[in-house]
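The values are calculated or read from the model by the stated rules, or taken from the named source; none is laboratory data. Bear in mind that the values here come from a model prediction, so they are computed numbers and not experimental data. Neighbour counts run over all protein chains shown; Cβ positions are idealised from the backbone, glycine included. For accessibility, only protein heavy atoms count, side chains too; no ligands or nucleic acids. Shrake-Rupley method; radii C 1.70, N 1.55, O 1.52, S 1.80 Å.
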Amino acid sequence: MVTAVTSFGRSGTSDWLVQRVSGVILLAYFLFIGWVVLTGVDYASWKALFAQTWVKVFSLMALLSLAAHAWIGLWAVVTDYLTERLMGTTGNVLRISAQLVIALVLFVYVVWGVQILWGY
Amino acid sequence: MLQVSIYRYNPETDQQPWMQDFQFDTEGKDLMVLDVLEQIKAQDSSVTYRRSCREGVCGSDGLNINGKNGLACITPLSETVKNNKLVIRPLPGLPVIRDLVVDMSLFYAQYEKIQPYLQNNTPAPAIERLQTPEDRAKLDGLYECILCACCSTSCPSFWWNPDRFIGPAGLLQAYRFLADSRDTATDDRLSRLDDPFSVFRCHGIQNCVNVCPKGLNPTRAIGHIRTMLLTRAT
Ligand code: SF4
Ligand code: SF4
Ligand code: FES
């Protein structure tokens, strides 16, 4: 058993499932937004749309899915390519730095997103 | 004349690996790649590779032949040669010991991890543990693996994490014991595979299926393991 404390759910099975479920939520959300945009929006209708609680909830769900999806996907990428095996100690430094930056960016996006959704 | 190019590296004398070219006369015959190597070795005995059975049974001559992994002994020239060129390299991703011989330790360490032997904690019967023909049939397409490593060394996920990802060969064998009705260690086996690397580094690229000289399908076996893990965990 390989241990990995920085993976999303600490279990491959759980990460795999979260990745799939969040993917479906994101697809549904972007189809919804795409449909809204294609059928024509102006400021008033867009504001009215986002005044509804279900749209806020759906948006937050998509935002959290995006964060989880991005973390799991990018975590797999950095643990493939930024490793001690490939580049020695530099790999560890780069990987941990990259993980910190990614975590920070995702955290900021989530908080900022909540502020946008409920702040106006 | 067939243009043969062979990867050479002797760590005692060479700074770098290099490619040695040979002109080879097939005399119009459709030889196996191993026959070509044997005849070249008769001229230059320093060319080093592994082989034993020369009929696709032992798994020792897995090589990268014109860019695709396969067993030299059962790969006919007609199947691999294009533009009259034959380029032979060692299996990718493993340390080269010399010329076409790679160090398989990482590959075997992954195989060892999946505990490739029957485990049963019920008292042994007087004669043997029986299995229905249906249960036995579940092992078809799994037990035939000869551990040639053609699949794992063609898998990008195994190249990046050969110490943490079991790889297609090991996972095919893991499923061979998970699927065996006589094995009672299923739950322990699954627990050891649940981490983010052992199984889940497989991204379904299917290079493994594409190269297996025995026509086996590790991707499908990996899919079955994933289903077992999900069923157990939800
Ligand atoms: S699954 Fe096929 S390619 Fe992989 S080790 Fe077994 S026989 Fe070789
Ligand atoms: S299907 Fe999975 S195991 Fe096979 S080559 Fe692709 S990533 Fe590797
Ligand atoms: S020499 Fe045994 S498999 Fe090719």
At q = 0.20, 0.21, 0.24 Å⁻¹, what is the base-10 log of I(q)/I(0) for region A:1-82 according to the Debye formula with one equal point scatterer per Cα and no solvent? Please give it to two decimals.
-0.89, -0.94, -1.11
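Taking the solvent-accessible surface of protein heavy atoms with a 1.4 Å probe, what is the per residue accessible area of region B:93-232 in Å²?
Working: 6150 Å² over 140 residues.
Here the residues of region B:93-232 average 44 Å² of exposed surface.
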For the pair A:A51 and B:N83, the simple spin-label estimate (label points 7 Å beyond Cα toward Cβ) gives in nm 6.8
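Return the average number of partner chain Cβ atoms within 10 angstrom of each residue Cβ along peptide B:222-234.
Working: counts 0, 0, 0, 0, 4, 0, 1, 6, 5, 1, 1, 5, 3.
Rounded to a whole number, the mean comes out at 2.
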Residue with peak Gaussian network fluctuation, chain A [Cα springs, cutoff 10 Å], from A:F58, A:F32, A:F107:
A:F32
Accessible surface of region B:158-234 [probe 1.4 Å, protein heavy atoms]: carbon and sulfur percent
47
Starting from the Cα of B:L139, step 7 Å along the direction of its Cβ; do the same at B:Q206; then give the gap between the two resulting points in nm.
2.9
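Using a 1.4 Å probe over the heavy atoms of the protein chains, calculate the carbon and sulfur portion of the accessible area of region B:1-68 as a whole percent. Before the final figure, lay out each step's value.
Numbers: 1680 of 3960 Å².
It is 42 percent, rounded to a whole number.
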Probe 1.4 Å, all chains present, heavy atoms only: A:L60 accessible area in Å², nearest 10, is 50
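Estimate for me the total accessible surface buried between chains B and A (protein heavy atoms, probe 1.4 Å, no ligands or nucleic acids), in Å² to the nearest 100. Before the final figure, lay out the partial values.
Working: alone 12210 and 8340 Å², together 18790 Å².
Looking at B and A, the buried total is near 1800 Å².
Can you give the helix-only mean residue ellipticity at 222 nm for chain A, where every DSSP H stretch with n ≥ 4 adds -39500 (n - 2.57) and the sum goes over all residues, rounded to the nearest 500 deg cm²/dmol?
Working: 5 runs with 100 residues, N = 120.
Computed mean residue ellipticity for chain A: -28500 deg cm²/dmol.
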Expected sort for B:73-85, B:203-215 on mean C-beta neighbours within 10 Å, highest first, is B:203-215, B:73-85
Set the Förster distance to 25 Å, then compute FRET efficiency between B:L2 and B:E55 from the Cβ-Cβ distance, nearest 0.05.
0.65
When a/c reaches 1.5 or more, the comparison of a/b and b/c decides; with that in mind, is the protein assembly as shown rounded, prolate or oblate per its Cα gyration tensor?
prolate
Taking chain B as a Gaussian network, Cα atoms linked when under 10 Å apart, which of B:T122, B:T219, B:T48 shows the biggest mean-square fluctuation?
B:T122
Could you provide, to the nearest whole Å², the per residue accessible area of region A:9-66 with probe 1.4 Å?
61
Among B:P168, B:Y143, B:S154, which residue has its Cα furthest toward the positive end of the charge dipole of region B:84-179, with +1 on Lys/Arg Cβ and -1 on Asp/Glu Cβ?
B:S154
Considering the Cα trace of chain B, what is its radius of gyration and what is Dmax, both in angstroms?
20.1, 64
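How long are the semi-axes of the equivalent ellipsoid of region B:120-160, taking √(5λ) for every eigenvalue λ of the Cα gyration tensor, in whole Å from largest down? Could the numbers behind the result be given before it?
On the way: eigenvalues 225, 38, 16 Å².
Largest first, region B:120-160 gives 34, 14, 9 Å.
Given a cut-off of 14 Å, what percent of all Cα-Cα pairs of region A:52-109 lie beyond it?
Numbers: 1005 of 1653 pairs.
Of all Cα-Cα pairs in region A:52-109, 61 percent lie more than 14 Å apart.
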Given the options A:R85, A:R95, A:R20, state which has the largest fluctuation in a GNM of chain A using a 10 Å cut-off (strictly under) for Cα springs.
A:R85
